[in-house]
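Novice: Pasting a structure here, questions to come.
The values are calculated or read from the model by the stated rules, or taken from the named source; none is laboratory data. Just so it is clear, the model here is predicted, and its values are computed rather than measured. In this analysis, Cβ positions are derived from the backbone assuming ideal geometry, glycine residues included, and neighbour counts consider all displayed protein chains. Heavy atoms of the whole protein, side chains included, go into the accessibility calculation; ligands, DNA and RNA do not. Shrake-Rupley method; radii C 1.70, N 1.55, O 1.52, S 1.80 Å.
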Amino acid sequence: LFMIFRNAKAFSPETARFLDELPIARRSLLSFSVARDYTPQILQMLIKENIINITEEGRLFLSEEALTGHRLNSLYKKV
């Protein structure tokens, strides 16, 4: 999920993207029957942790500063 925001260069309110502009979980009905997609829950958790921020217009961006100081950063680097 972090790479999606990095590839979109969505790092600030000025460069933030609407959710439909990001390639997040666009699956067919067939793929839903095969595997559960946890992307919406992960996205909500990242928003709650202030790693993904939302602008007044509803656009999303990754806060690299918040990620750097968060415990998730060490987990991400191990993957």
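Novice: Give me the pairs: first residue in the range 7-22 and over 14 Å from ASN53 (Cα atoms), second residue charged (D, E, K, R) and open to solvent by less than 60 Å² (accessible area, probe 1.4 Å), beta-carbon distance under 9 Å, and six or more apart or on different chains, which are they?
Specialist: Correct list of pairs: GLU21/ARG59.
Novice: Related question: Among what's in the range 40-56 and is under 13 Å from ALA16 (Cβ atoms) and without any contact (Cβ under 8 Å) to a residue 40 or more places away in the chain, pick the residue that is most open to solvent (accessible area, probe 1.4 Å). Walk me through it before giving the result.
Specialist: Kept after step one, since they are under 13 Å from ALA16 (Cβ atoms), are these residues of the range 40-56: 47, 52-56.
Applying the additional criterion that residues be without any contact (Cβ under 8 Å) to a residue 40 or more places away in the chain yields 47, 54, 56.
Details: ILE47: 38, ILE54: 95, GLU56: 187 Å².
It comes out as GLU56.
Novice: Still on this structure, please answer the following. Take the residues of the range 59-79 that are at pLDDT 75 or above and touching a helix residue (DSSP H, G or I) at 6+ places or on another chain (Cβ under 8 Å): which is farthest from ARG17 (Cα to Cα)?
Specialist: Within the range 59-79, the match that is farthest from ARG17 (Cα to Cα) is LEU67.
Novice: State all residues of the range 35-54 that are in a loop (DSSP other than H, G, I, E, B) and either among the basic types (Lys, Arg) or farther than 19 Å from ASN7 by Cα (or both); if no residue qualifies, say none.
Specialist: Taking the range 35-54 first, the residues in a loop (DSSP other than H, G, I, E, B) are 35-38, 49-51.
The answer is ALA35, ARG36, ASP37, TYR38, GLU49, ASN50.
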